[in-house]
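A.B. asks: I'd like to ask some things about the structure below.
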Amino acid sequence: DGKYPVLWSGGDAIAVIQQEDMQDGSVYIFTLSEGGDGKASATFECNNANGFDPNLPYRAVYPASSVVLTSDGKFKKYSFSATQSYVQNSFGVGAMPMQTSMCIGTERPLSFTNEFGVLKLQLEGAADEKVTSIVVTSDNALSGEAILYEAKIVLNGTAAENKKVTLDCSADGGVALNQYEATDFHIALPAGAESGLSLMIHTDKASYYKQVPVHDKNKVVAGSI
């Protein structure tokens, strides 16, 4: 029906931030429990539960690696990786940022909202040519430091490295193409990213440049491909 489930993967972890003003809060890391791999709902276990009080306001963010800590383990800032890993027919672990609304108590499960969308590329080519990486660049920030609002993530980096995301396809020597059937590549991008998007596709034989036309169908929408 054109819909794809977002499922938990082994190694997934979420960060729970407990703070009244969303500054200098305590951060608790929860990791996916055994048996949760491949499921839409799963249990996470806290690695550093001492001090966590579910009766105080808190928010959960995925991936846990997006939360940067101070030297004493407190919340410092959010930052999203500029590198994603290729996964066949999907996107890499940690590539799709999600967050919950502010929560109090533990009576109901945490419900995460996808804050990025997915750019899907369908590439054809000779079978002896392998894609090693795809670099997406934009006029606007695609990675790096960010601010989290109740319903969206806003990336605010201004450096050149913040305006690109790399899909690393180099595992096993690259992803072999097919001249008769397209191979799908999925890259998570912040919602609204459509202005000035361009692609550099690197293979083990050459590099190819492609500009993404500005069009409503190419607009990145949170939770959509």
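The values are calculated or read from the model by the stated rules, or taken from the named source; none is laboratory data. Computed from a prediction, not measured in an experiment: that's the story for all the values here. Methodologically, a virtual Cβ is constructed for each residue, glycine included, from the backbone with ideal geometry; neighbour enumeration extends over all protein chains shown. Accessible surface is based on the protein model in full, side chains and every heavy atom, while ligands, DNA and RNA are left aside. Shrake-Rupley method; radii C 1.70, N 1.55, O 1.52, S 1.80 Å.
A.B. asks: In the chain, if the dipole is taken from +1 on Lys/Arg beta carbons and -1 on Asp/Glu beta carbons about the Cα centre, which of Asn55, Leu121, Ala159 is farthest to the positive end?
C.D. replies: Ala159
A.B. asks: Rounding to the nearest 20 debye, state how big the charge dipole of region 25-95 is about its Cα centre with +1 on each Lys and Arg Cβ and -1 on each Asp and Glu Cβ.
C.D. replies: The calculated dipole for region 25-95 is roughly 300 debye.
A.B. asks: Using the heavy atoms of the protein chains and a 1.4 angstrom probe, tell me the accessible area per residue for the chain in square angstrom.
C.D. replies: Values: 12440 Å² over 225 residues.
I get 55 Å² per residue for this part.
A.B. asks: Long-range amide H contacts for Gly157: which residues qualify at under 5 Å (H placed 1.01 Å from N, peptide plane, sequence gap of 5 or more or a different chain)?
C.D. replies: Under 5 Å from the amide H of Gly157: Glu145.
A.B. asks: With each label point set 7 Å from Cα along the Cα-Cβ vector, what nm distance links Asp172 and Asp139?
C.D. replies: In this crude label model, Asp172 to Asp139 measures out at 3.9 nm.
A.B. asks: Filter Lys3/Lys74; Lys76/Lys164; Lys130/Lys152; Lys74/Lys217; Lys74/Lys164; Lys77/Lys219 down to the pairs with a C-alpha to C-alpha distance above 30 Å, please.
C.D. replies: Checking Cα-Cα distances, Lys3/Lys74; Lys130/Lys152; Lys74/Lys217 exceed 30 Å.
A.B. asks: Could you give me the ³J(HN,Hα) list for region 33-40, computed from phi with Karplus coefficients 6.51, -1.76, 1.60 and θ = phi - 60°, whole Hz, x at Gly and Pro?
C.D. replies: With the stated coefficients, region 33-40 comes to 6, 4, x, x, 4, x, 10, 7 Hz.
A.B. asks: Whenever you get a sec, compute what percent of the accessible area on region 1-138 sits on carbon and sulfur atoms (1.4 Å probe).
C.D. replies: Values: 3480 of 7530 Å².
Reported share for carbon and sulfur atoms: 46 percent.
A.B. asks: If you average the alpha carbon positions of region 150-216 and of region 22-93, how far apart do those two centres end up, in angstrom?
C.D. replies: Each part's Cα centre sits 25 Å from the other's.
A.B. asks: In sequence order, what are the phi-derived ³J(HN,Hα) couplings for region 75-88 according to the Karplus relation 6.51 cos²θ - 1.76 cosθ + 1.60 with θ = phi - 60°, rounded to whole Hz, with x for glycine and proline?
C.D. replies: 5, 10, 6, 9, 8, 10, 5, 8, 10, 10, 9, 5, 10, 4
A.B. asks: Across region 47-63, in residue order, what do the Karplus-derived ³J(HN,Hα) couplings come to in whole Hz, using 6.51 cos²θ - 1.76 cosθ + 1.60 with θ = phi - 60° and x for Gly and Pro?
C.D. replies: 7, 9, 6, 4, x, 6, 10, x, 8, 9, x, 8, 9, 10, 10, 10, x
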